[in-house]
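A quick write-up on the structure given underneath.
A short reminder: the numbers here are calculations on the coordinates, not readings from a lab. All of these numbers come straight from a predicted model, not from anything done at the bench. Here Cβ is always computed from backbone atoms with ideal geometry, including for glycine, and neighbour counts include all displayed protein chains.
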Amino acid sequence: MELFDRLERRELERAVLVHVDFHNEADREEVDELYELVESAGAEICTLVTTKRSHPDPKYFIGKGKAEEIKDAVELFDADVVIVNHALTPAQERNLSDYLECQVLDRIGLILDIFAQRARSHEGKLQVELAQLKRMATRLVRGWSHLDRQGGIGARGPGETQLETDRRLVQGRIKQLEAKIEKVRKQRDLGRRSRKRSELPTVTIVGYTNAGKSTLFNYLTSAGVYAEDRLFATLDSTLRKVRLPGAGEVIFADTVGFIRHIPHDLVTAFRSTLEETREASLLIHLIDAADPHREEKIADVVEVIAEVGAQDVPQLMIFNKIDALEPSMEPKVDYDEDGYTPKRVWISAKEGQGIELMMDAVASFFKGRFYTVELVLDVTAGKQRAQLYQLGTILEEGFDEQGNSLFKMSLTEQEWNTIKEWPQFIKAEVLEEQESSEGNLELTAL
């Protein structure tokens, strides 16, 4: 049984929500997001308690008077958990829980709980457990704090022994997880280096959680990535190979959704996944066009992109869900000041509207020269012959008298550079150079 497995009873938990207004202009938006997070976690919302403060109370975060009001609400609604829409210190969380005689969860704990439910891959589960255990390590005093002062010869009680044992077990597990995640990170590095050697660029889809990243990714690649209209529907990075119109093959990567005030421990724990963002050739910044708070969320995503070190990666802004706009709009492309470089594309991934415009815009970042080439491949090079079928467009093919394979192909510059030095070629010759031409979107699972 996992340390943080609360899924069975979470579906039945009744929650009292708490939000403190610290004169934040985005206050209503943050309350709305709290509701979405709690619903995504599977809890039943009983009521919302709000208050205004200039600064947090050091003991209870909300002050003694408001704590009494929350305690009344817990008793009235027979609530199982109080969820505070802010980050609490370990002492504040412990003091509030003791006073309310109820479980208390802050915003970070809530997000981690959702992550624990959503993680599907081995890597995702490792990352979530690491973040949870690091958080637990700072809070591992409850239940034993009354014995913490015991010690010395003849006074080392069982409480302290148990607490130290718990701490040692947690720290040991943290080291194990860090080692496993580091191994995964190295494997990812090998994969990225392999893609770089093959000169395949990577297009990574980023955006605020629930912007529609997985829906778009599925439409482009038929990858079957879990997609649902709720926060953090998917956590795991997925890669697929896609042929762009007139620009050859690229790797598309889907990533975990971003959110405001993302805990630093989560950024650290998900480093290996987020490195797909930093190492990308192009970022597709996907935005919910129908979200009334989209500008604030754009800023939040830009902030996280900078935190993971990807601020210098070129970005293309894709405004999704145009079918939900009032009034609705047609797909379109907004260009930069030069009138040539795509800056924004307006689409609906759900309805499949504007996808071709988006793919053309993405392709424009990678278009180079095309080559018509003549190839003669040694009769024994069966593996290389199969690889040619995964590249470019075969215009003509056949065999010579010795059984060698003959190809006439149209290749992008990157594809030609990848294969032209193959020692299995008896002949590899460029017949014609030309600018990029339009083609059809083709999909290949990695």
Single residue of Leu388, Leu411 found to be surrounded by 19 or more Cβ atoms within 10 Å (Cβ to Cβ), touching a strand residue (DSSP E or B) at 6+ places or on another chain (Cβ under 9 Å) and touching a residue at least 40 places away in the same chain (Cβ under 8 Å): Leu411
Residues (in contact (Cβ under 8 Å) with a residue 60 or more places away in the chain and in contact with a Phe, Trp or Tyr (Cβ under 8 Å, 6 or more places away or on another chain)) located in region 30-57: Ser40
Residue list for region 287-305, filter: part of a helix (DSSP H, G or I) and under 16 Å from the mean Cα position of the chain (by Cα): Lys297, Ile298, Asp300, Val301, Val302, Glu303, Val304, Ile305
Any hit, region 358-373, residues being in contact (Cβ under 8 Å) with a residue 40 or more places away in the chain, surrounded by fewer than 20 Cβ atoms within 10 Å (Cβ to Cβ), among the acidic types (Asp, Glu) and closer than 20 Å to Gln315 by Cβ: yes
Qualifying residue in region 336-355 (condition: of a type in the set (Phe, Trp, Tyr) and surrounded by fewer than 17 Cβ atoms within 10 Å (Cβ to Cβ)): yes
Evaluation of Asp400 against (1) free of Cβ contacts under 8 Å to residues at least 24 places away in the same chain; (2) more than 21 Å from Leu244 (Cα to Cα) (one fails), failing number: (1)
Residue in region 331-338 that is aromatic (Phe, Trp, Tyr) and out of contact with any strand residue (DSSP E or B) (no Cβ under 9 Å at 6 or more places or on another chain) present: no
Count of residues meeting criterion [farther than 10 Å from Val18 by Cβ and within 32 Å of the chain's Cα centre (by Cα)] in region 56-78: 1
